[in-house]
Amino acid sequence: MEKIPVIYWSGTGNTKLMAEAVAEGIGAAAELKNVGDITAEAAGAYPALALGCSAMGAEVLEEYEFEPFFTALEPLLQGKKLVLFGSYGWGGSYMTDWEQRVQAAGAELVAPGLLAFGTPDELAIESCRELGAALAKA
Ligand SMILES: Cc1cc2nc3c(=O)[nH]c(=O)nc-3n(C[C@H](O)[C@H](O)[C@H](O)COP(=O)(O)O)c2cc1C
């Protein structure tokens, strides 16, 4: 079975809850990883990936760990299948920019980027499970 990593950054645990639900939706193939636990080179070796990061700075990806990871991953994304998810507090437009970067890198977004407001409620958690299931099926 081809493994599918779920790689996330989460400051207060909201995106982590989403990542756990995405992994649940993927099933046995899922490998849940904090972004600090995997290099971009290693991540780029998988054909399908789920990436999660909350909105930070001013509508950007978290700048110190996740952004450098994603910048290094971008050249390796050609032909990959991806889903994106993250928690936000008041905006959420970073997700649109992130989707555009993924598409510009030549990857296929299996579903639109999934946002959850603050701590994901049960509905958001279910959407995360569905997102994971969609990636596993793609
Ligand atoms: C330093 C900082 C910057 C933030 N910037 C944004 C932002 O630009 N847009 C937004 O919608 N939320 C922003 N937020 C809110 C977080 O995205 C929100 O609290 C989210 O639930 C955090 O998820 P996490 O626990 O997975 O990190 C910011 C929070 C912090 C602490």
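Just so you know, all these numbers are worked out from the coordinates, no wet-lab data involved. A quick note: this is a predicted structure, and the numbers were derived from the prediction, not measured. Glycine also receives a Cβ, built like all others from the backbone with ideal geometry; neighbour counts cover every protein chain displayed.
Going through the range 54-96 one residue at a time, which ones are outside any loop (DSSP other than H, G, I, E, B) and either β-branched (Val, Ile, Thr) or exposed (fewer than 13 other Cβ atoms within 10 Å of the Cβ) (or both)?
Residues satisfying the conditions are VAL60, THR71, PRO75, VAL83, THR96.
Quick one: ASN14 ticks every box in (1) within 16 Å of the ligand (Cβ to nearest atom); (2) in contact with a helix residue (DSSP H, G or I) (Cβ under 8 Å, 6 or more places away or on another chain); (3) touching a residue at least 60 places away in the same chain (Cβ under 8 Å); (4) not acidic (Asp, Glu) except a single one, so which number is it?
(2)
Counting only residues that are aliphatic (A, V, I, L, M) and in contact with a helix residue (DSSP H, G or I) (Cβ under 8 Å, 6 or more places away or on another chain), which one in the range 20-37 is farthest from the ligand (Cβ to nearest atom)?
ALA29
Any idea how many residues of the range 103-112 are buried (at least 20 other Cβ atoms within 10 Å of the Cβ) and either in a strand (DSSP E or B) or under 11 Å from the mean Cα position of the chain (by Cα) (or both)?
Residues meeting the conditions: 0.
With the condition kept exactly as written, say whether any residue in the range 59-67 is within 13 Å of the ligand (Cβ to nearest atom), within 22 Å of ALA29 (Cα to Cα) and touching a Ser or Thr at 6+ places or on another chain (Cβ under 7 Å).
There is no residue in the range 59-67 that is within 13 Å of the ligand (Cβ to nearest atom), within 22 Å of ALA29 (Cα to Cα) and touching a Ser or Thr at 6+ places or on another chain (Cβ under 7 Å).
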